[in-house]
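Here the structure comes first, spelled out in structure tokens, and everything after it is commentary.
The values are calculated or read from the model by the stated rules, or taken from the named source; none is laboratory data. Remember, predicted model here, so these are calculated numbers, not experimental data. Heads up, the Cβs are rebuilt from the backbone with ideal geometry, glycines too, and the neighbour counts pull from every protein chain shown.
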């Protein structure tokens with residue numbers, strides 16, 4: 001059985017696959033192997049190295065009827081093209097239900113409004129199994145929570161996330177602030193990434209009123225290092241629209257320390273969208289949006305409310 005998350009694997013998607021594969025194999029006695037749908041990002045690589053864990057192999061061709069567990073997504077567009085031909089055995093996620101996945105049998109589907117998938121997994125496996133996790137996996141779980149909640153600064157954070165993270169940090173004798181800064185420093189290292197890879201690093205696609213938006217977040221403690229490359233990033237955004245089925249790319253540079261986002265504005269379409277959705281006018285090619293930290297809780301709901309005229313919880 002394969003356990004995997006979404007494309008462009010981040011810390012939660014990568015590490016949650018490892019956590020649940022361990023739980024299935026060691027606790028439930030169901031052999032399982034963690035996989036990723038691409039190379040993990042720099043933060044995930046740092047986390048794996050820090051805790052002495054090996055990155056999952058990249059998933060190859062997925063044969064029909066392969067038993068799989070899907071974590072940290074339920075969106076078919078973020079999964080292998082033939083996912084509905086597989087034997088989906090379980091789905092564990094913390095995003096809104098998108099629809100489109102087809103199971104061949106009755107399966108466990110758990111979707112809860114928590115800060116990250118790892119928090120949910122620890123809840124599902126129970127305290128006894130969670131206590132039996134090796135320290136390396138506990139470290140991965142802590143890392144998932146800190147990554148997805150931006151060390152509790154994101155509006156996606158729940159009290160349960162804080163409680164679980166606090167317990168794990170105490171068991172591992174980890175100072176949360178110090179460790180989170182190390183993680184975010186690793187995430188902020190973009191020196192080895194092309195402009196197009198940087199846009200793709202943490203991006204999700206959404207269709208709103210027949211327009212396909214790719215919303216990219218570039219979370220960093222050094223936003224100027226990203227903004228220094230804005231001309232290349234604007235060109236990459238145009239190239240993505242010209243070479244794919246994406247109509248518009250929205251790139252937000254999230255300043256973790258200042259808790260704000262800078263939207264890169266490549267053209268008049270994005271400028272008009274900025275004014276319509278956020279009520280902000282500018283003549284520049286960037287604009288700062290104070291307090292904007294979350295795609296799931298803030299950016300996508302704002303797009304839905306403005307473009308559809310109603311409330312729609314984000315993916």
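On the stretch given as the range 1-27, residues that are in contact with a helix residue (DSSP H, G or I) (Cβ under 9 Å, 6 or more places away or on another chain) and free of Cβ contacts under 8 Å to residues at least 40 places away in the same chain total 1. Among the criteria (1) without any contact (Cβ under 8 Å) to a residue 12 or more places away in the chain; (2) not in a loop (DSSP other than H, G, I, E, B), the one residue 233 does not fulfil is (1). The set of residues in the range 197-211 being surrounded by fewer than 16 Cβ atoms within 10 Å (Cβ to Cβ) and either touching a strand residue (DSSP E or B) at 6+ places or on another chain (Cβ under 9 Å) or part of a helix (DSSP H, G or I) (or both) consists of 197, 207, 211.
Exactly one residue among 68, 47 is under 20 Å from the mean Cα position of the chain (by Cα), on the phi < 0 side of the Ramachandran plot and not in a helix (DSSP H, G or I), and that residue is 68.
Filter the range 230-250 down to the residues that are within 13 Å of residue 198 (Cα to Cα) and in contact with a helix residue (DSSP H, G or I) (Cβ under 6 Å, 6 or more places away or on another chain), then identify the one that is surrounded by the most Cβ atoms within 10 Å (Cβ to Cβ). The qualifying residue surrounded by the most Cβ atoms within 10 Å (Cβ to Cβ) is 249.
The single condition from (1) within 19 Å of the chain's Cα centre (by Cα); (2) crowded, with 16+ Cβ neighbours inside 10 Å that residue 259 fails is (2).
Residue by residue, here is whether (1) touching a strand residue (DSSP E or B) at 6+ places or on another chain (Cβ under 8 Å); (2) surrounded by 22 or more Cβ atoms within 10 Å (Cβ to Cβ); (3) in the same structural domain as residue 291 (by TED's automatic domain parsing); (4) not in a loop (DSSP other than H, G, I, E, B) holds:
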{"position": "110", "(1), (2), (3), (4)": "yes, no, no, yes"}
{"position": "115", "(1), (2), (3), (4)": "no, yes, no, no"}
{"position": "118", "(1), (2), (3), (4)": "no, yes, no, yes"}
{"position": "122", "(1), (2), (3), (4)": "no, yes, no, yes"}
{"position": "128", "(1), (2), (3), (4)": "no, no, no, yes"}
{"position": "131", "(1), (2), (3), (4)": "no, no, no, yes"}
{"position": "143", "(1), (2), (3), (4)": "no, yes, no, yes"}
{"position": "151", "(1), (2), (3), (4)": "no, no, no, no"}
{"position": "156", "(1), (2), (3), (4)": "no, yes, no, no"}
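For residue 66, state whether it is under 22 Å from residue 293 (Cα atoms) and either modelled with pLDDT of 95 or more or not assigned by TED's automatic domain parsing to the domain that holds residue 141 (or both). Spelling it out, it is not the case that residue 66 is under 22 Å from residue 293 (Cα atoms) and either modelled with pLDDT of 95 or more or not assigned by TED's automatic domain parsing to the domain that holds residue 141 (or both).
Any idea which of 274, 289, 250 is over 22 Å from residue 95 (Cα atoms) and modelled with pLDDT of 95 or more? Please lay out each step first, then the result.
Details: 274 fails: modelled with pLDDT of 95 or more; 250 fails: over 22 Å from residue 95 (Cα atoms).
Matching residue, one of 274, 289, 250: 289.
Looking at the range 218-229, which of its residues are in contact (Cβ under 8 Å) with a residue 12 or more places away in the chain and surrounded by fewer than 21 Cβ atoms within 10 Å (Cβ to Cβ)? So that I can check it myself, show each step before the final result.
Let us first name the residues in the range 218-229 that are in contact (Cβ under 8 Å) with a residue 12 or more places away in the chain, namely 218-223, 225-227, 229.
Within the range 218-229, 221, 222, 225, 227, 229 qualify.
Of everything listed in (1) out of contact with any helix residue (DSSP H, G or I) (no Cβ under 9 Å at 6 or more places or on another chain); (2) modelled with pLDDT of 95 or more; (3) surrounded by fewer than 20 Cβ atoms within 10 Å (Cβ to Cβ), the single unmet condition for residue 74 is (3).
State which residue is surrounded by the fewest Cβ atoms within 10 Å (Cβ to Cβ) when the search covers only the range 271-280 and only residues that are assigned to a helix (DSSP H, G or I) and out of contact with any strand residue (DSSP E or B) (no Cβ under 7 Å at 6 or more places or on another chain).
The residue in question is 272.
Every listed requirement among (1) in a strand (DSSP E or B); (2) more than 17 Å from the chain's Cα centre (by Cα); (3) more than 25 Å from residue 128 (Cα to Cα) is met by residue 63 save one, (1).
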